[in-house]
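Undergrad: Encoded as structure tokens, here's the structure I'll be asking about.
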Amino acid sequence: MKCVRCGLREAVHEGLCEYCILELHPPLPPGAIRLVVCPVCGSFRVGGRWQEIPLEEAVLREVEQLLDPRYALLGGEVKVEDSRVRLRLTLDVYGKRAEWEGERELRIRKEVCDRCSRRAGGYYEAIIQLRGAHAEEAANVAVREVESHPSRMAFVTKVERVRGGVDVYVGDRAAARRAARVVREAFGGEYKESSSLYGRRDGRELRRSTYLVRTPEFGPGDVVELGGRRYVVEAMGREFLLRDAWSGALRKERWEALREARLLAKAEDVVEGEIFYVGEGVAHVYDPESGELRQLPAPPWARRGKVLMVRVDDEIILIPGEAR
């Protein structure tokens, strides 16, 4: 049946086609489209929620909130010109697709959002306490992880250098917990969680959490002693990869097994020497520090040529791997 009003298209509802329905019942009320924007972060409040979206998308989402319930928004184009906005909407009208064009006044009001307000007020729900030799590097990882969390409250309130490490104050407990665990995965070491009550709101307890990560004193390239053997730390994390300085064999250990490991030398203490001769279990090695030729027990991997070594007291430890 043709539309009883225009006679051009098939009727879709009560004898009318989709375009005649749009003419008789405009999809938007005649008033202005009103938006609220945070002047600090630029987020828009749409549908009662703060969202980090472009202006055009904010307009389109507000349009969807204002849309006459007869219609469903399938898509649209928005063009903002000063205080006016031009709209081209694709709508579902009783099962038929139709285009509608219109223009409305655009009014934007400024209001500081909940996140920026809390951040400015020093609000935090958790502290990530980073301790040990890698605290500064771990703090950088923690901050990046917090800022990449999807929660709007996942912000860093402050980063504080304290005796023995760094404290990172975080606005969202879940984001802080995830960041602390990422740090633990990257650096290994001791991990602890705790919480304390700091108030009540609407009869509900408000708690602050503390996540402690105590990073090891050693890291990649360092030389450690464990169970009477010397190892070079190749990689660190929940599992540590160790290379036996004598045999050259690789070994994996979890942090719990390394608590008794003793740091012998840091990576920056490793120097380059040279093996001139290997034979009968002895390596003739040039010591760059003393300028002397030393005779050392020859590890199975020892060959003539450049070699890495480190001095521990008066002992020289040869290190497997490529010389720099």
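Nothing in this text is a laboratory measurement; each read-out follows from the coordinates by a stated rule. Keep in mind it's a predicted model, so treat the numbers as computed, not measured. No Cβ is skipped: glycine too gets one built from the backbone with ideal geometry, and neighbour counts run over all protein chains shown.
Undergrad: For GLY42, what is the net charge nearby, where nearby means another residue's Cβ is under 11 Å from its Cβ and Lys, Arg count +1, Asp, Glu -1?
TA: Details: positive: LYS110; negative: GLU52.
Here the charged neighbours net out to 0.
Undergrad: How do MET309, MET236, MET153 line up, fewest other C-beta atoms within 10 Å first?
TA: Ordered from fewest to most neighbouring Cβ atoms within 10 Å, MET309, MET236, MET153 come out as MET153, MET236, MET309.
Undergrad: Still on this structure, please answer the following. Using alpha carbons only, how many degrees (0 to 90, rounded to 10) separate the axis of helix 55-66 from the longest principal axis of the chain?
TA: 50
Undergrad: Shifting gears a bit: Below 8 Å, C-alpha to C-alpha, sequence gap of six or more: please give me the relative contact order for the chain in percent.
TA: So the answer I get is 9 percent.
Undergrad: What does the charge count near GLY171 come to, summing +1 for each Lys or Arg and -1 for each Asp or Glu among other residues with Cβ under 12 Å from its Cβ? Let's see the in-between values first.
TA: Details: positive: ARG115, ARG118, ARG119, ARG152, LYS158, ARG173, ARG208; negative: ASP114, GLU125, GLU147, ASP172.
That sum, taken over residues with Cβ under 12 Å, equals +3.
Undergrad: Under a 5 Å amide H to amide H cut-off, with H placed in plane at 1.01 Å, what residues pair with ASP222 once short-range neighbours are removed?
TA: VAL233, ALA267
Undergrad: For region 117-168, list log₁₀ I(q)/I(0) at each q in 0.26 Å⁻¹, using the Debye formula over Cα point scatterers of equal strength and ignoring solvent, two decimals each.
TA: -1.02
Undergrad: Please give the residues of region 110-139, grouped as numeric ranges, whose backbone N is less than 11 Å from a label point set 7 Å along the Cα-to-Cβ vector of GLU160.
TA: 127-128
Undergrad: Right, something else. Give me the angle, in degrees from 0 to 90, between the Cα long axis of helix 173-187 and the longest principal axis of the Cα atoms of the chain, rounded to the nearest 10.
TA: With both axes taken from Cα atoms, the answer is about 30 degrees.
Undergrad: On alpha-carbon atoms, Rg over Rh for the chain using Kirkwood Rh?
TA: On the way: Rg = 33.5 Å, Rh = 25.9 Å.
My calculation of the ratio gives 1.29.
Undergrad: Lysines within cross-link reach of LYS252: Cα-Cα under 30 Å, excluding same-chain residues under 8 positions apart?
TA: LYS192, LYS266, LYS306
Undergrad: Arranged from highest to lowest average of other beta-carbon atoms within 10 Å per residue, in what order do the peptides 275-285, 72-82 appear?
TA: 275-285, 72-82
Undergrad: Then there's this: Name the residue, out of ALA235, ALA176, ALA257, whose mean-square fluctuation peaks in a Gaussian network model built on the chain with Cα pairs under 10 Å.
TA: ALA257
Undergrad: So how tilted is helix 135-147 from the main axis of the chain? Cα-based, degrees 0 to 90, rounded to 10.
TA: Rounded to the nearest ten degrees, it is 20.
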